[in-house]
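Data first, discussion second: the structure below is written as C-alpha cells.
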Amino acid sequence: MHRAIRRVLDPLLPVEHFTRNDRRIVFVIWVAGVVQGFAQSQASASLPFTRAGLGLSEGEVSLLLGIARLAAFAALPLGWLGDHRGRRKPFLWAMTLIVVGGSFAGLVSEAWQFGVFHAMLRTGTAVVSGLAVVLLAENTSLRIRAYAISFYGAAVSLGSGMALMSIPLADGGGEAWRIPHLLTGLAFLLLPFLIKNVPESGIYLEQPEGGHWRELISGVWASRFWVVVSIGFLASAFGAVGAAFSTEWLITQVGLSTGNTVIILLVGGTLGGIGFFVGGHLADAWGRRSTSVMSLLLALAGGLTLYSVTSVPLILLAVFISAFGTFAFVPAAGSHRAELFPTTLRSSANIAATNMALAGSALGLIITGIYTIDTLGLRNTMLILGIGVAIAAGLTLLLPETRGQDLTAISADRR
C-alpha cells in the first residue's frame, strides 16, 4: 500500500530531499512570491470594477495596462546591479516598489495616475521574477533546483488566488474598487522580515565580477539570449490578455455572476496548481526543455478553450488545463534560464527575459486594445495570439538541455 501511494504521489514530490538551507531560502522567497502575486494580480482580478471606477472602456484599460508594463524596462539597471553588486539589494528594492505601486494604485483619482503606479509595480515584479529564480537556483541543491523554483511560482499563484478572493470587496459600487488595491499595503508589515532574511547568493560571492550587456546582445551568449527572450515575449502576449480579461469575459460575456466567476477561477486555478510541482519534478527528472514545450502547449489549449465555450464544466476544465500548463512552465523555464547563462550575466539575462515577457504582455494588451478587442472580440483575439505560443514552443527546442548543470562551471567554451 505504501509503495502504491508513493508511486501515485511521486510526480508531485522532489527527486531528492531538501536540506535545511534549501527549506529556509525557499520559505523566504515563498513569502515574497505571495506578496508579488497578490499585488500584480489586482489589476486583472478586479478589472471590471477598476475599469468602471476610472471610466474606461475595455480597449482603453487594455492600452493603459500595456503602456504601464512597457515602462517596467526601468528594471534593466537593477538587473545590471544584480550582476555587479549582488542579488540581495536589488531584490529588496524591487519588493518595495511592488508594495508601494500596488497599494498607492488604490488612492488615485485619474487613469494616468493608476498607470504610473502600475508601472512602478510592474518594474518591481520584473526584478523580483528574475532575481527570485536566480536566488533559488544559486542557493539550493542542484538536483532539486527546478522543484525549489516551483514553490516560488506556487506562492505567486497563491497571492493571485487571494487577489481573486478580494474581488467581492470591489463589487460594491462607488469607490469600492479601491479596496483590493489598498489591501496590498498590508505587505509593508512583511518588508522587515524580508530585509532580515533574504540572503546574498553564495555563488555570486564566489564570482563577484559582473559581465557586460554586449555579451548578451551581440556576444558569445547572444544566440541563447535572443531565443530565450523571444519565447517569453510570444508566450506572455497570449497569457497577459487571457489573464487580464478572464473575469471580464466570464462576467460580461458569458453572463456568470461575480461569485460564480471567482469560484470557477479559484477552483480551476487551485487544481491547476499541481502543475508547479509536476513541472518541477519533471524538469528535474526528465529535462527542462521537454517539460517547457509540454507546458506551453497545455497552456495554449486551455486558454483557447476558455474563450470558446460557455458551459460551466467546460470552462472549469479549460481553466484547470490552462493553469496547469502555465504553472508547470514556471519551474521548467525558470531553471532553464538560470542554467543557460554564467554567473556574471545571470541576473541581467533573467531580468531582461522577464522584461521582454512584460513587453510581450504589454504589446499584446496595447495592440489588442487598439485593433482587435473592440472590433474582433476577445475570442478571435485569443486565437490570433495563440499562434505566438506555438512558435515559442518550437523555439524552445532550439535551446540545449541543461538538467544537472553546475552553475559555477558555465563559460564561453562550455556553451
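Here are some notes:
- Members of region 216-229 that are open to solvent by 20 Å² or more (accessible area, probe 1.4 Å) and in contact with a helix residue (DSSP H, G or I) (Cβ under 6 Å, 6 or more places away or on another chain): Val220, Arg224, Val227
- The single condition among (1) free of Cβ contacts under 8 Å to residues at least 24 places away in the same chain; (2) under 14 Å from Gly153 (Cβ atoms) that Ser292 does not meet is (1).
Per-residue answers, yes or no, for (1) over 18 Å from Ser166 (Cβ atoms); (2) in a helix (DSSP H, G or I); (3) at pLDDT 95 or above; (4) of a type in the set (Lys, Arg):
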site: Ala4; (1), (2), (3), (4): yes, yes, no, no
site: Leu9; (1), (2), (3), (4): yes, yes, no, no
site: His17; (1), (2), (3), (4): yes, no, no, no
site: Arg24; (1), (2), (3), (4): yes, yes, yes, yes
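The rows are residues; the columns are (1) without any contact (Cβ under 8 Å) to a residue 24 or more places away in the chain; (2) assigned to a helix (DSSP H, G or I); (3) within 26 Å of Leu136 (Cα to Cα).
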position	(1), (2), (3)
Gly219	yes, no, no
Val227	no, yes, yes
Ile231	no, yes, yes
Leu234	no, yes, yes
Thr247	no, yes, no
Ile263	yes, yes, no
Gly269	no, yes, yes
Phe276	no, yes, yes
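- One residue alone among Gly303, Gly287, Gly334, Gly275 is surrounded by 24 or more Cβ atoms within 10 Å (Cβ to Cβ) and within 22 Å of Arg224 (Cβ to Cβ), and that residue is Gly334.
- Residues within region 132-165 that are assigned to a helix (DSSP H, G or I) and closer than 22 Å to Gly287 by Cα, tallied: 21
- Among the candidates Ser109, Ser129, residue that is outside any helix (DSSP H, G or I) and either open to solvent by 10 Å² or more (accessible area, probe 1.4 Å) or in contact with an Asp or Glu (Cβ under 7 Å, 6 or more places away or on another chain) (or both): Ser109
- For region 135-142, the count of residues that are farther than 17 Å from Thr184 by Cα, free of Cβ contacts under 8 Å to residues at least 24 places away in the same chain and surrounded by fewer than 22 Cβ atoms within 10 Å (Cβ to Cβ) is zero.
- Checking each residue in region 56-106 for being crowded, with 24+ Cβ neighbours inside 10 Å and outside any helix (DSSP H, G or I) picks out only Arg87.
- Residue satisfying condition, being modelled with pLDDT of 85 or more and surrounded by fewer than 22 Cβ atoms within 10 Å (Cβ to Cβ), within set Leu399, Leu407, Leu345: Leu399
- Among the residues of region 365-387, those identified as open to solvent by less than 10 Å² (accessible area, probe 1.4 Å) and at pLDDT 80 or above are Thr381, Met382, Gly386.
- Qualifying residue in region 251-270 (condition: open to solvent by less than 10 Å² (accessible area, probe 1.4 Å) and in contact with a Phe, Trp or Tyr (Cβ under 8 Å, 6 or more places away or on another chain)): yes
- Taking residues in region 114-131 that are closer than 22 Å to Ser150 by Cβ and polar (S, T, N, Q), and partners anywhere that are part of a helix (DSSP H, G or I) and open to solvent by 10 Å² or more (accessible area, probe 1.4 Å), the pairs with Cβ atoms closer than 7 Å and at least 6 places apart or on different chains are Thr125/Gln40; Ser129/Thr354.
- Against the conditions (1) modelled with pLDDT under 80; (2) surrounded by fewer than 16 Cβ atoms within 10 Å (Cβ to Cβ), Leu47 satisfies every one except (2).
- Scanning region 131-167 for residues that are farther than 30 Å from Ser257 by Cβ and out of contact with any Leu (no Cβ under 9 Å at 6 or more places or on another chain) returns Ala132, Val133, Val134, Leu135, Leu136, Asn139, Thr140, Ser141, Arg143, Ile144, Ser150.
- Restricting attention to region 166-189, the residues that are touching a helix residue (DSSP H, G or I) at 6+ places or on another chain (Cβ under 6 Å) and either under 21 Å from Ala137 (Cα atoms) or assigned to a loop (DSSP other than H, G, I, E, B) (or both) total 4.
The values are calculated or read from the model by the stated rules, or taken from the named source; none is laboratory data. These numbers were taken from a predicted model, which means no experiment stands behind them. Please note: Cβ atoms are built from the backbone with ideal geometry, for glycine as well, and neighbour counts cover all protein chains shown. These area figures cover heavy atoms from the full protein model, side chains too; ligands, DNA and RNA do not enter into them. Shrake-Rupley method; radii C 1.70, N 1.55, O 1.52, S 1.80 Å.
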